[in-house]
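The values are calculated or read from the model by the stated rules, or taken from the named source; none is laboratory data. Only a predicted model underlies this, so the values are computations on that prediction, with no experimental measurement involved. Here the Cβ positions follow ideal geometry from the backbone for every residue, glycine too, while neighbour counts run over all protein chains shown. Only protein heavy atoms, including side chains, enter the accessible area calculation; ligands, DNA and RNA are left aside. Shrake-Rupley method; radii C 1.70, N 1.55, O 1.52, S 1.80 Å.
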Amino acid sequence: MALKDRELRLIVGVDYGTTYSGLSFALSNAADFKDIISWTKYPGAFSHSAEHCVKAPSRIAFKEENEDLGKDLWGYQVEPGMTSCSMTKLLLDKFALLSDFDDPDVYGSKSAALMHVPEGKSIKYVTTEYLKLLYQMFETSKREKFGSMDLDKLAVEFWLTVPASWSEKAKMITKVAAIEAGFGSRPIDTIKLIPEPEAAAHYILKSSIDRLNTFVQAGDGMMICDCGGGTVDITTYGIKALQPGLKLDEIAVGVAGKCGATMVDRNFFKLMSDRFGNSFTSSEQDAIGPGSAFMNQFEQRKKDFSRANSNQRPYRLSLHIPKLKRSRKTEKYYERRSSSVLLSHDDLRLVFDPVVKKVLALIANQARQAEEIGETPISTVAVVGGFADSRYLCEAIEEWCLEKGIRFTKPVTGAWCAISKGAVLRGLEGSIVGEKKCRRHYGSGISRVYNPDKHNGYDGSIRWVWLDVFDNEKYLTGFMDWQVCKDSRVELVGKVFYELHERHLAKARRRLKDGKLYYEVSLVIKTRLNDDSGHLVYRVFDGDEELGKAEIKLDD
């Protein structure tokens, strides 16, 4: 393994997910990807028979909302019946425009109760507080694993994974939340972002080639399907080289949709609501909410459910519904003797099929893009993420692959932690992806010479005319200088701030007008779309001198 020639440091992959989150880490002198460790001892996991689980639920209960709690609880510590925040990662990208591949009800009323945010608090606050507890656990585990080392001098390089489809605003909010939680907060530590499909590709290729050196060849195309709880994120890579090091290029613009495993849960809740009405929806959260015995039973059925239907016996999920009135309809779907909800094979297809249909549409869209561009043909589709545990989903994707003559695969082991381990590999080996395809617009707001005949009727609440005292011309704000112009979907990220000092003004043109001194400074703005930090970066220069670090203040 070709490692960077730097002082010994600890590299940590942080996978903050919609439904589950986890950590993996390795020292920078790791000899092999097999030296990467996934953390498995999460607080409260033992009582859930999950003491060796590589992730913890992305769930937090605040003591302010639970009078019997002495402190905030997270992950496995959160018990059914507690007022808690779940699936809130989806809210970080809520204001991005929905695509055809998104679940139209992702932010609907049925999801609102699950994606709870305490009154008067923001989604950034919830994210920060959850990550703060994850960081505290990391600090404890660091002392446990590396206590013999001088931890005050051991630099930590954090790689925080984010959906490749996320807006710049969502990525930056997540990074700021992680820093405020403690990740990368020491002067010797750093924190960077990496797209989840890129991390997954790194781990899948490394681990698969280790087992079978003919797994892929230079010139092959490989589609990575990161099927998570909230989103399905798809990116396709061309294998440029295997030796002396693995090198990839993106061969199509990645696609994604908010159609992950939680969409199946929402469909299931809708089915239960339609069948049992208020008798079901008015049940206590400790009976039907996240982490309840009822939903845990459904979660297991969700993973085991397959296209094959070997018997006609219904699936039984234990749930006492005391308010349910007896009728022909309810007797068909509820067994009072065992207090069980009855689900047929067709019922489960009903909740799965709309989601699977969207996932297959994403895959077909990506394959069509690659074919139209005439890039490297796709020879392999690899599936990772928590939703990849679903037999039904994988069977559908495998069938699609067979029809296209494409190989289907998923990691032999570690599909669930492939992303956090791949993030560690990014820190160990550097980026394996060369060329990337741009997913969205990038540009900066500018002013142009004001033409009353042409510009009459502009919105004065957001645009204005100003006078340039140097050329005595009037200018109108609100125009765009596009560095990259993709399509009609435009997202406002924020404003760029930088500092000018006396030395910059000393060489600038100046003019006194109406008792005010004006300066004209010629600046160059450089935009980096694929910075090492993992997100959009602006740099402002006066000649060859960079004016400090340009700060993007998010537009709230």
Item to complete: Show me 216-229, 334-347, 137-150, 500-513 ranked by packing, highest mean number of other Cβ atoms within 10 Å first.
Response: 216-229, 334-347, 137-150, 500-513
Response to the item:
Excluding ligands, DNA and RNA, the carbon-plus-sulfur percentage of the accessible area of the chain with a 1.4 Å probe reads 49 percent
Worksheet, complete the sentence: Taking Val351, Val524 and ranking on accessible area (1.4 Å, protein atoms only), highest first, one gets Val524, Val351
Worksheet item: Using 0.36 nm per residue, how much length does the chain from His441 to Arg307 gain when fully extended, once their Cα-Cα distance is taken away?
Response: 44.1 nm
Fill in: Estimated FRET transfer efficiency when R0 is 30 angstrom, pair Glu395-Val537 (beta carbons, to 0.05)
0.10
Discussion item. Using a Förster radius of 22 Å, what is the FRET efficiency between Tyr125 and Gln285 based on their Cβ-Cβ separation? Nearest 0.05, please.
Written reply: 0.50
Discussion item. Can you give me the C-alpha center-to-center distance between region 78-102 and region 218-273, rounded to a whole angstrom?
Written reply: 19 Å
Fill in: Segment Ser148-Val117, length gained on full extension (0.36 nm per residue, minus Cα span)
7.1 nm
Response to the item:
Under the Karplus relation with 6.51, -1.76 and 1.60 and θ = phi - 60°, whole-Hz ³J(HN,Hα) for region 147-160, x at Gly and Pro, equal x, 6, 9, 7, 5, 5, 9, 7, 5, 10, 10, 8, 10, 9
Item to complete: Would you check the accessible area of Arg316, probe 1.4 Å, heavy atoms only, in square angstrom rounded to 10?
Response: 80 Å²
Item to complete: Determine, for each peptide in 154-163, 235-244, the mean count of other beta carbons within 10 angstrom over its residues, then list the peptides with the highest first.
Response: 154-163, 235-244
Worksheet entry | Prolate/oblate/rounded label for region 62-207 (Cα gyration tensor, a/c 1.5) | oblate
Worksheet item: Net charge near Gly291, counting Lys/Arg +1 and Asp/Glu -1 over other residues with Cβ under 11 Å of its Cβ?
Response: -2
Worksheet item: Excluding ligands, DNA and RNA, what is the solvent-accessible area per residue of the chain at a probe of 1.4 Å, expressed in Å²?
Response: 49 Å²
Discussion item. Nearest 500 deg cm²/dmol is fine: what mean residue ellipticity at 222 nm does the chain get from its DSSP H runs of n ≥ 4 alone, each adding -39,500 (n - 2.57), divided by its residue count?
Written reply: -9000 deg cm²/dmol
Response to the item:
By the C-alpha gyration tensor axes a ≥ b ≥ c (rounded if a/c is under 1.5, else prolate when a/b exceeds b/c, else oblate), the shape of region 158-291 is oblate
Response to the item:
Probe 1.4 Å, all chains present, heavy atoms only: Glu499 accessible area in Å², nearest 10, is 120 Å²
Discussion item. Based on alpha-carbon centroids, what's the gap between region 385-422 and region 429-459 in Å, whole number please?
Written reply: 37 Å
Worksheet item: Spin-label point model (7 Å from Cα, Cβ direction): what's the Ile373 to Arg336 distance in nm?
Response: 6.1 nm
Discussion item. Assuming 0.36 nm per residue, please report the length gained on full extension of the stretch His501 to His320 beyond their Cα-Cα distance.
Written reply: 58.2 nm
Practice prompt. Using label points projected 7 Å from each Cα along Cα→Cβ, tell me how many nm separate Arg328 and Asp274, to one decimal.
Written response: 1.9 nm
Worksheet entry | By average C-beta atoms within 10 angstrom, highest first, the peptides 182-188, 73-79 | 73-79, 182-188
Item to complete: Please report how far the C-alpha centroid of region 158-216 lies from that of region 289-325, rounded to the nearest whole angstrom.
Response: 35 Å
Discussion item. Given axes a ≥ b ≥ c from the Cα gyration tensor, I'd like to know whether region 140-228 is rounded (a/c under 1.5), prolate (a/b larger than b/c) or oblate.
Written reply: oblate
